[in-house]
Amino acid sequence: MRILYILPFVPWSIRVRSYNLIPRLARRHKIDLVCLSSSAADIPKLDGIRSFCATVKCATHAKKRAFFQVAKACVTSNPLRMAYASSVEMEAMVKENIESNPPDLIYVERWRGLQYVPVDCRIPILCDPTDNMVLYNRRLMSSGSWWERVLGVEEYMKFLRYEPELARRANLTVFCSRVDRDCLLASHPELSCAIVPNGVDCKRFFYKSQGDAEPATIIFTGNFGYRPNVHAAVYFLETVFPIIRRRCPEARFLAVGNGAMTKLRNYIDVPAVELVDFVPELRPYLVRATVAVAPITVGVGVSNKVLEAFSVGTPVVATPLAYGDLPVRDGEHLYLANDPGSFAQKVLDLLHDSSLRARMAEQGRSLVEQKYDWEVVADQLQALMYRLAECNGPDLGPVASNSLQSTAAN
């Protein structure tokens, strides 16, 4: 199959979904990549993915222009996320690609990428928004900072109408968790939706050896350009970590990921806190940790940080929002906690009990090997792509068909 792969960003290692799926899909398919760059610094990041693609095109999109578009959209019904990524250049590149290299299927990641596809396109479209934006903004309205709550109300009201309209433009919509999918299907059961979870590269994040972990070391990983990760780190540092330090003075906290030094700069001089910006290999830091935490208070989907820690063999303490609908059991695969006191206690339990850590690590690793390795996830996505291409012939209309509903939505 020839796949036109459309992204409203440049795929590199912090964009784990596209960065892992493209190389695996490229083994059997020709990939024509069209993506959007917000700065010249993004272009070299394409080097890591370019060799897997038949063609690569990248449109430039200055942040000043993006914010101007957002300002204009405030008085319209268009969601601000859609307005931010609006690009005439991207639309032209996608149209030219369709005409010069007609694809068998169009794959679009994120709702905002769907606006680049011509409305009269008669090629099967698989849209992978990954997360449900109605659900995301509903949670932001209750748990974000004051300005995020205001923004959440506006985006929630806009996506409440806009999200199902976007889903109708696609022939199949793919979410990363059942919770996200069901939020859309609850009010629009006629739409064709499927679940393709996030994953982890089990070969890259291989199991650590006994004794690799440093004593009393707690880690939180993620892209700190993503606001929910900032919320989570601040929540932990302000409400959970002080409790842990009172009972375990030697405890240390590592925050590792793109933007950590900038977004968490208020904690640079806090004792026993270490901030580490983007690192090309995350595994060594997960190996150092005794316990990984995922105190997510805002967000949707499944946090890759949980899967990566599972894969390496570092036990996890998380809030329910962090694991989405992973088939995990509290006390077996990980510890779950909803409030600072119980969260701190469960971290302390793991810090002080090596046999408990070992048992939990084995269960987590087994789970990702069976269901969440990127090889397994890519095969699931590929099967949906084949089925979509087979179900829709050359006379396909622009409105989503329900021919996949019975099999893809399970």
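The values are calculated or read from the model by the stated rules, or taken from the named source; none is laboratory data. The structure presented is a predicted model; accordingly, all values stated were derived computationally and were not measured. Because the Cβ atoms are built from the backbone with ideal geometry, glycine has one as well, and the counts that use them run over all protein chains shown.
One residue is enough: does the stretch 294-315 have a residue meeting the conditions at negative phi and out of contact with any helix residue (DSSP H, G or I) (no Cβ under 8 Å at 6 or more places or on another chain)? Spell out how you get there, then give the answer.
So the first thing to find is which residues in the stretch 294-315 are at negative phi, and the list is 294-298, 300, 302-312, 314-315.
Applying the additional criterion that residues be out of contact with any helix residue (DSSP H, G or I) (no Cβ under 8 Å at 6 or more places or on another chain) yields none.
Within the stretch 294-315, not a single residue is at negative phi and out of contact with any helix residue (DSSP H, G or I) (no Cβ under 8 Å at 6 or more places or on another chain).
How do the pairs read when you match residues in the stretch 108-121 that are among the hydroxyl-bearing types (Ser, Thr, Tyr) with residues anywhere that are assigned to a loop (DSSP other than H, G, I, E, B), using Cβ under 8 Å and keeping only pairs 6 or more apart or on different chains?
What qualifies is Tyr116/Pro8; Tyr116/Ser87.
Please work out if Phe175 is more than 20 Å from the chain's Cα centre (by Cα) and within 21 Å of Ser303 (Cα to Cα).
no
Considering only the stretch 261-293, how many residues are without any contact (Cβ under 8 Å) to a residue 60 or more places away in the chain, of a type in the set (Ser, Thr, Tyr) and in contact with a helix residue (DSSP H, G or I) (Cβ under 7 Å, 6 or more places away or on another chain)?
Result for the stretch 261-293: 1.
Exactly one condition in (1) modelled with pLDDT of 95 or more; (2) within 30 Å of Ile22 (Cα to Cα); (3) outside any helix (DSSP H, G or I) is false for Phe159; which is it?
All conditions are met except number (3).
Confirm whether Ala40 is of a type in the set (Gly, Ala, Ser), at pLDDT below 95 and either surrounded by fewer than 20 Cβ atoms within 10 Å (Cβ to Cβ) or in contact with a His (Cβ under 9 Å, 6 or more places away or on another chain) (or both).
yes
Could you pull out the residue among Glu375, Glu390 that is modelled with pLDDT of 95 or more and acidic (Asp, Glu)?
Residue meeting the stated conditions: Glu375.
Can you tell which of Pro118, Pro129, Pro79 is closer than 19 Å to Ala167 by Cα, surrounded by fewer than 18 Cβ atoms within 10 Å (Cβ to Cβ) and of a type outside the set (S, T, N, Q)? Quick ask: steps written out before the conclusion?
Working: Pro129 fails: surrounded by fewer than 18 Cβ atoms within 10 Å (Cβ to Cβ); Pro79 fails: surrounded by fewer than 18 Cβ atoms within 10 Å (Cβ to Cβ).
The conditions single out Pro118.
Residues in the stretch 243-260: is at least one of a type in the set (Val, Ile, Thr), in contact with a Gly (Cβ under 7 Å, 6 or more places away or on another chain) and either in a helix (DSSP H, G or I) or touching a residue at least 12 places away in the same chain (Cβ under 8 Å) (or both)?
Of all residues in the stretch 243-260, those of a type in the set (Val, Ile, Thr) come to 243-244, 256.
Subsequent filtering for residues that are in contact with a Gly (Cβ under 7 Å, 6 or more places away or on another chain) retains 243.
Filter again for either in a helix (DSSP H, G or I) or touching a residue at least 12 places away in the same chain (Cβ under 8 Å) (or both), leaving 243.
Within the stretch 243-260 (the criterion being of a type in the set (Val, Ile, Thr), in contact with a Gly (Cβ under 7 Å, 6 or more places away or on another chain) and either in a helix (DSSP H, G or I) or touching a residue at least 12 places away in the same chain (Cβ under 8 Å) (or both)), the answer is yes, since at least one residue qualifies.
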